[in-house]
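Colleague: Below: one structure in structure tokens.
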Amino acid sequence: MGAAIDWKSIQPRTSTEGTNGVFKTSEKLNTVAALAYLKYSSGKFVFKAKSMYGQNVCESLLPSGYAVASIDSETGAETYTPFNHVYNWVNFLYGDSWKVGLFAGYFKNLGTAENLVGPIYGFAYDADHMYRISPQLIYNYKNFMFGWELSLTTACYGENDYSDKGKVKNTDCVSNFRNMIAVAYKF
């Protein structure tokens, strides 16, 4: 098991423009992420899990981002607020040459700390929540692995409410059903 904390500081702009001209800026957005993970195995049973709280973790290719929280019309100076998300997954696996498993994942957009007044930057910041459930069946024979996975993934997208801290409203959910077969040779 383990845990980690990440702190990041970005400077979205080096200059701003307002009604009084162009100005140099050094406004930064400071964000944090914290995660905990574990793996437990006993005999033929394996359990893995990970949970993370993250602000603006786009560099990890996760839904997130940040938005402009205030703008000074005279100088164009901006302040920023990050989107807050929770990401979780668990994976159970049991067996030896025949293995059965189940993967389940869930993420939720918690919105921002401040109301938004300007543009939003990021990736899938208009997703309210997503979940995935995937049963698995794996057969190992000598150096071969044969696998089958059925996967249901649902994502609920909507509109960011600028007056309610960027929370996603009026969601529409879309589901994807996937059936996958895999063969691998280990050498």
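The values are calculated or read from the model by the stated rules, or taken from the named source; none is laboratory data. Bear in mind that the values here come from a model prediction, so they are computed numbers and not experimental data. Ideal geometry is used to build each Cβ from the backbone, glycine not excepted, and the neighbour counts take in all protein chains shown.
Colleague: I'm trying to understand the selection: among the residues of segment 55-99, which are under 11 Å from the mean Cα position of the chain (by Cα), part of a loop (DSSP other than H, G, I, E, B) and within 30 Å of Gly147 (Cα to Cα)?
Modeller: Matches in segment 55-99: Leu61, Leu62, Pro63.
Colleague: Can you tell me which residue among Asn84, Asn88 is of a type in the set (S, T, N, Q), closer than 30 Å to Pro135 by Cα and touching a Leu at 6+ places or on another chain (Cβ under 8 Å)?
Modeller: Checking each option against the conditions leaves just Asn84.
Colleague: Let me ask another. Pull up segment 103-139, narrow it to residues that are among the hydrophobic types (A, V, I, L, M, F, W, C) and not in a strand (DSSP E or B), then point me to the one that is surrounded by the most Cβ atoms within 10 Å (Cβ to Cβ).
Modeller: Among them, the one singled out is Leu116.
Colleague: Still on this model: Answer with yes or no whether Asp172 is within 20 Å of the chain's Cα centre (by Cα) and surrounded by fewer than 13 Cβ atoms within 10 Å (Cβ to Cβ).
Modeller: Yes, satisfied.
Colleague: Give the residues of segment 90-113 that are under 25 Å from Cys58 (Cβ atoms) and at pLDDT below 95, sorted by residue number. Talk me through it step by step, then tell me what you get.
Modeller: The first filter runs over segment 90-113 and keeps only residues under 25 Å from Cys58 (Cβ atoms), leaving 90-91, 103-113.
Scanning segment 90-113 gives a single hit, Ala113.
Colleague: Within segment 140-185, how many residues turn out to be assigned to a strand (DSSP E or B) and either aromatic (Phe, Trp, Tyr) or closer than 19 Å to Ala104 by Cα (or both)?
Modeller: So the count comes out to 24.
Colleague: Next question. So in segment 5-51, with the set limited to residues that are acidic (Asp, Glu) and assigned to a strand (DSSP E or B), which one is farthest from Leu102 (Cα to Cα)? Give the steps one after another, and end with the answer.
Modeller: Residues of segment 5-51 acidic (Asp, Glu): 6, 17, 27.
When the remaining residues are screened for being assigned to a strand (DSSP E or B), the result is 6, 17.
On the way: Asp6: 29, Glu17: 53 Å.
If we take residues in segment 5-51 being acidic (Asp, Glu) and assigned to a strand (DSSP E or B), then Glu17 is farthest from Leu102 (Cα to Cα).
Colleague: Moving on. Just to be sure I understand the filter: pairs with C-beta atoms under 7 Å, separated by 6 or more residues or on different chains, first member in segment 87-101 and of a type in the set (Gly, Ala, Ser), second member outside any strand (DSSP E or B). Which pairs pass?
Modeller: Gly95/Lys44
Colleague: Exactly one of (1) touching a residue at least 40 places away in the same chain (Cβ under 8 Å); (2) closer than 18 Å to Leu29 by Cα is unmet by Asn84. Its number?
Modeller: (1)
Colleague: Also, I was wondering about something else. Name the residue that is surrounded by the most Cβ atoms within 10 Å (Cβ to Cβ), counting only residues in segment 12-33 that are within 22 Å of His85 (Cβ to Cβ) and not aliphatic (A, V, I, L, M).
Modeller: Top of the filtered list is Thr31.
Colleague: May I pose another question? Taking the criterion of being under 16 Å from the mean Cα position of the chain (by Cα) and in contact (Cβ under 8 Å) with a residue 24 or more places away in the chain, would at least one residue in segment 11-19 satisfy it?
Modeller: No, because not a single residue in segment 11-19 is under 16 Å from the mean Cα position of the chain (by Cα) and in contact (Cβ under 8 Å) with a residue 24 or more places away in the chain.
Colleague: Looking at Lys167, Lys142, can you tell me which residue is among the basic types (Lys, Arg) and either touching a residue at least 12 places away in the same chain (Cβ under 8 Å) or crowded, with 17+ Cβ neighbours inside 10 Å (or both)? Walk me through it before giving the result.
Modeller: Numbers: Lys142 fails: either touching a residue at least 12 places away in the same chain (Cβ under 8 Å) or crowded, with 17+ Cβ neighbours inside 10 Å (or both).
From the options Lys167, Lys142, the qualifying one is Lys167.
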